[in-house]
Amino acid sequence: MRNFIKKYKFLILIISLVGVLIVFLYSRETTSPSPTPSPAIFELESTFPNEGKNEIVIPNFAIHFTFTKPIDLTNTAIKISPIVDFEISIDKTGKTLYLNPVPSWEFDTEYQITVNTSSKDGQLLVSPIEYSFEPVHITTSELEEIPQ
């Protein structure tokens, strides 16, 4: 056995080194940097009611503007034409802005509303929101009987 080890000492050394190298390479964790998430765009997600003429029952409902991120209420500017007094508030997530008329919207009047705001993390809207609607009286009711 000693003669075998003496004779193949160099070959045993090479095989041992290759084995150690293979074990080292396989046991090593390859950590690739995780991709940096792109920040969400701050924009209007939805409105309620939809723009245009809307049949309503109660003329003092709040218009909802829902955004993709929580808004900074202290950095919010609203313009309504024709001028009407209003109150603003937000929901508990901070993403929905409520615009409540004081005392109410006038029927058959088209309102132009401009909203400019920023998110809590300081992101500005690409451009102010231009929204228009006209509250109109309901013309039919589901409670009325339809003649047959």
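The values are calculated or read from the model by the stated rules, or taken from the named source; none is laboratory data. Since the model is a prediction, treat every value here as computed from it, not as a measurement. Note that we place each Cβ from the backbone using ideal geometry, even for glycine, and neighbour counts take in every protein chain shown.
Taken together, the residues in segment 50-94 that are surrounded by 15 or more Cβ atoms within 10 Å (Cβ to Cβ), of a type outside the set (V, I, T) and without any contact (Cβ under 8 Å) to a residue 24 or more places away in the chain amount to 1.
Checking each residue in segment 95-135 for being under 16 Å from G52 (Cα atoms) and surrounded by 15 or more Cβ atoms within 10 Å (Cβ to Cβ) picks out W105, Y111, I113, I129, Y131, F133, E134, P135.
Among the numbered criteria (1) modelled with pLDDT of 90 or more; (2) assigned to a loop (DSSP other than H, G, I, E, B), which one does S132 miss? (2) is the only condition that S132 fails. Scanning segment 66-86 for residues that are within 27 Å of F107 (Cα to Cα) and part of a loop (DSSP other than H, G, I, E, B) yields T76, P82, I83, V84, D85. Going residue by residue through segment 95-110, is there one that turns out to be out of contact with any Pro (no Cβ under 6 Å at 6 or more places or on another chain), in contact (Cβ under 8 Å) with a residue 40 or more places away in the chain and in a strand (DSSP E or B)? The answer is yes, given that some residue of segment 95-110 is out of contact with any Pro (no Cβ under 6 Å at 6 or more places or on another chain), in contact (Cβ under 8 Å) with a residue 40 or more places away in the chain and in a strand (DSSP E or B).
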